[in-house]
Structures are given as C-alpha cells and as structure tokens.
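> There's a structure below that I have some questions on.
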Amino acid sequence: MSTDIGEEIISLKKDRDALLLVHNYQDSKLHELGDFSGDSFELAHKAKYTDKEMIVFAGAEFMAETAVILNPDKKVLIPSSTAKCPMAHMLSPKVMKRYQTQYPDATIAVYVNTTAEIKAMADICITSGNAIEIISKLDNDQILIGPDRNLASYIQQQLPEKMIIPFPEIGHCYVHQKFIPSDIKKLRNKYPEAEIIAHPEVASSVQTLADKICSTSGMLKEVGRSTSEKFIIMTEIGLIDRLRSNFPTKTFIPARKDAICIQQKKITIYNLYLSLLHERYQVKVPATIAKNARLSLERMLEFSEA
Ligand code: 13P
Ligand code: SF4
C-alpha cells in the first residue's frame with residue numbers, strides 16, 4: 001500500500017464519520033486501516049451498536065446487508081458490488097417455501113450467509129460462532145438448517161438430542177470444500193505435534209479429523225489459549241496472516257494454500273479508497289424485507305447475548 005492512499009483512507013473515514021469493519025479473511029493492510037476486525041457475528045454486533053454515521057464493510061455482501069438490516073438509519077457501503085458469497089445464493093425463496101411446507105412444525109434457523117429475503121422468511125439466524133449456543137437454547141427439537149450442510153452436520157454431531165434437517169441439497173462453500181481427508185491425514189502424519197483447527201464449513205468427513213472446530217474468530221481465541229506451538233488450519237487462507245500477526249512465535253500451516261475466497265478478495269485498498277471517496281456502493285434492503293429479516297437477526301443477538 002502506498003502511504004498516501006492509506007492516509008487518504010484515514011482522512012476520508014474521518015470526514016465521512018465512517019466505521020470500517022473488516023472480516024477476518026481480508027488482507028492485512030485492510031485490517032491495519034479498519035476500526036474492527038472479526039467474524040461475521042462480531043461484525044454484525046459492531047454494526048448494530050455503532051454511533052458512526054456510515055459503515056463500510058470489507059467483507060461479503062451478506063455481511064453488509066446484515067448491517068443495513070440491523071442499523072437501518074446508517075449508510076452502509078461495500079467497496080466491490082460483486083463481493084457476493086456464492087453459498088448465500090444457494091438457498092432461494094422457492095426452495096425455502098418447499099421445506100417450510102414439508103416441515104410445518106420445524107424451527108427454521110438460517111446461516112447468516114444468506115440473502116435478506118431468506119432471513120426474512122426464517123425464525124432465527126445463526127453464525128458459525130454462535131450456532132451451537134443458539135440451537136441448544138431453542139425449545140423446539142426439530143430444526144431446519146440451511147444453506148450450509150456441513151455446518152448443519154456439525155450442529156447435529158454436537159447436539160444429538162436435536163433433530164437437524166439440513167437444506168437445500170446443494171448448500172456448501174466452495175472454498176471449504178477443497179479440504180479433503182487424505183490431505184489432512186498426510187499433514188497429521190507429517191506434523192503429529194500440531195493441533196488441527198477447522199471451520200464448520202469443511203465437509204463432515206474432514207471435521208472428524210480436526211481437534212477443534214470453530215468460527216474464524218474462534219480460531220484466533222483457540223490459538224491464544226492453546227499450549228500448542230504448531231497449528232494446521234482449515235479455512236480461507238487470509239486467516240493465516242491474521243494468526244501469524246497475532247501470534248508471531250507460533251507456527252501455522254495452511255491445510256491448503258489455494259483455499260481462497262475470490263469474492264471476499266474483491267475488496268482492495270484501492271476500491272476501499274474509491275468507496276469512501278464516492279460513497280459507493282450503497283447496500284440497500286427493501287423496507288418490507290428488512291423488517292422481517294431484522295426479527296431473525298435480533299433473535300440471534302438476543303439468544304447469543306443471554
Ligand atoms: P465466520 O463467521 O466464521 O467469520 O465465517 C464466515 C464465512 O463466510 C466463512 O466462510
Ligand atoms: Fe462464502 Fe465460502 Fe467465501 Fe465464506 S469463504 S464468504 S462461505 S464463499
């Protein structure tokens with residue numbers, strides 16, 4: 001980053017009274033300029049309670065939409081209009097209605113990686129950081145979970161007393177799908193002393209090979225409290241930079257170097273600068289959708305704050 005553009009961004013942030021929220025997968029330069037870095041739950045929380053005039057999201061579009069829904073009086077910008085998580089578009093309203101009809105008694109918990117329209121049709125939202133806590137607190141034992149089938153399978157494994165129904169068939173993250181059991185077994189043999197940490201979006205056949213499963217911020221916390229010195233990490237490669245900068249004396253081995261989220265990486269220092277300069281691209285959610293989606297998101301906040 002040229003110092004000039006960094007300084008311009010700092011000055012524009014001040015002029016616009018903007019809060020810059022940065023997801024854990026983003027490049028380190030963005031973290032340096034950001035006001036807060038975190039996982040999707042922590043960023044949603046920050047977006048709801050900020051008193052700044054504007055929120056700029058260095059993350060996926062569904063995260064920025066969540067900010068608009070939770071804090072409708074703020075102007076929310078995303079520097080790239082194509083930073084859309086493919087998994088968030090794998091669950092359509094039509095499919096959602098089909099499952100609602102098929103399981104009329106089930107509670108519908110949707111991953112925060114969904115469109116605003118899907119959140120508006122759900123009972124509650126969950127993230128990888130709070131899913132177990134929230135689902136365990138629900139009175140209903142029959143729960144539809146979508147769109148990530150791997151997250152659903154992790155929840156089922158942790159909460160065998162609940163009946164988890166994953167939907168739809170296609171729900172997955174293409175980045176986390178790259179981790180396969182044979183690679184992880186090889187790494188385990190090569191580094192027997194290392195702790196293996198995985199995101200719940202990895203396939204269930206890979207989840208069983210991990211020592212810990214957590215959200216992106218959960219991984220940072222786990223490394224902080226663990227006595228291990230070496231870690232094999234199964235999530236998007238950007239988190240490795242965060243881990244190395246937060247824990248310079250520990251060793252991190254990415255389980256795959258090509259685990260790259262192309263959509264999140266569309267956010268750059270340069271388009272962040274342009275975003276602040278031209279106040280673009282404003283993220284909007286139609287008021288009727290936002291009203292119902294807010295109920296699902298606020299329920300999530302209540303359940304995870306309780
Ligand atoms: P986290 O909530 O763990 O940051 O995950 C968001 C995400 O999109 C993971 O791929
Ligand atoms: Fe979506 Fe996967 Fe990228 Fe996360 S890593 S934003 S789930 S595509």
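The values are calculated or read from the model by the stated rules, or taken from the named source; none is laboratory data. Bear in mind the structure is a predicted one, so any value in this text is a computation, not a measurement. For neighbour counting, all protein chains shown are included, and Cβ atoms are generated from backbone atoms with ideal geometry for every residue, glycine included. Surface accessibility is based on the protein's heavy atoms, side chains included, excluding ligands, DNA and RNA. Shrake-Rupley method; radii C 1.70, N 1.55, O 1.52, S 1.80 Å.
> On a full-extension model of 0.36 nm per residue, what is the gain between residue 253 and residue 102, subtracting their alpha-carbon distance, rounded to one decimal in nm? Don't skip to the end; give the middle numbers.
Numbers: separation 151, 0.36 × 151 = 54.36 nm, distance 4.38 nm.
Residue separation times 0.36 nm, minus the Cα-Cα distance, leaves 50.0 nm.
> Between residue 302 and residue 279, what is the label-to-label distance in nm when each label sits 7 Å out along the Cα-to-Cβ direction?
Computed distance between label sites residue 302 and residue 279 equals 3.4 nm.
> Follow-up. Identify which of 254, 168, 286 has the largest mean-square fluctuation in a Gaussian network model of the chain, with springs joining Cα atoms closer than 10 Å.
Per the Cα network of the chain with a 10 Å cutoff, 286 tops the list.
> A further question follows. Considering only the other residues whose Cβ falls under 11 Å of the Cβ of residue 18, what net charge follows from Lys and Arg at +1 and Asp and Glu at -1?
Result for the neighbourhood of residue 18: +1.
> If I model a spin label at residue 10 and residue 204 as a point 7 Å from the Cα along the Cα→Cβ vector, what separation in nanometres do I get?
With each label placed 7 Å out from Cα toward Cβ, I get 5.0 nm.
> Hey, another quick one. So how far apart, in nm, are the two label points at residue 49 and residue 212 if each is 7 Å from Cα heading toward Cβ?
2.3
> What order do you get for 212-223, 124-135 when each peptide is scored by the mean count of other beta carbon atoms within 10 Å, highest first?
The densest-packed peptide leads the list: 124-135, 212-223.
> What per residue convex hull volume, in Å³, do the alpha-carbon atoms of the chain yield?
128
> What 222 nm value per residue comes from the helices of the chain, counting each DSSP H run with n ≥ 4 as -39,500 (n - 2.57) and dividing by all residues, nearest 500 deg cm²/dmol?
It lands at -13000 deg cm²/dmol.
> Another question about this same structure. For residue 136 and residue 35, calculate 0.36 nm times their separation in residues minus their Cα-Cα distance, and state this gained length in nm to one decimal.
That pair, residue 136 and residue 35, stretches by 33.1 nm at full extension.
> Another question, then. In whole percent, how big is the carbon plus sulfur part of the accessible area of region 84-239, probe 1.4 Å, protein atoms only?
Carbon plus sulfur share of accessible area: 52 percent.
> Given the options 115, 101, 268, state which has the largest fluctuation in a GNM of the chain using a 10 Å cut-off (strictly under) for Cα springs.
101
> Using a Förster distance of 45 Å, how high is the FRET efficiency between residue 170 and residue 225, based on the Cβ-Cβ distance and rounded to 0.05?
The calculated FRET efficiency here is 0.80.
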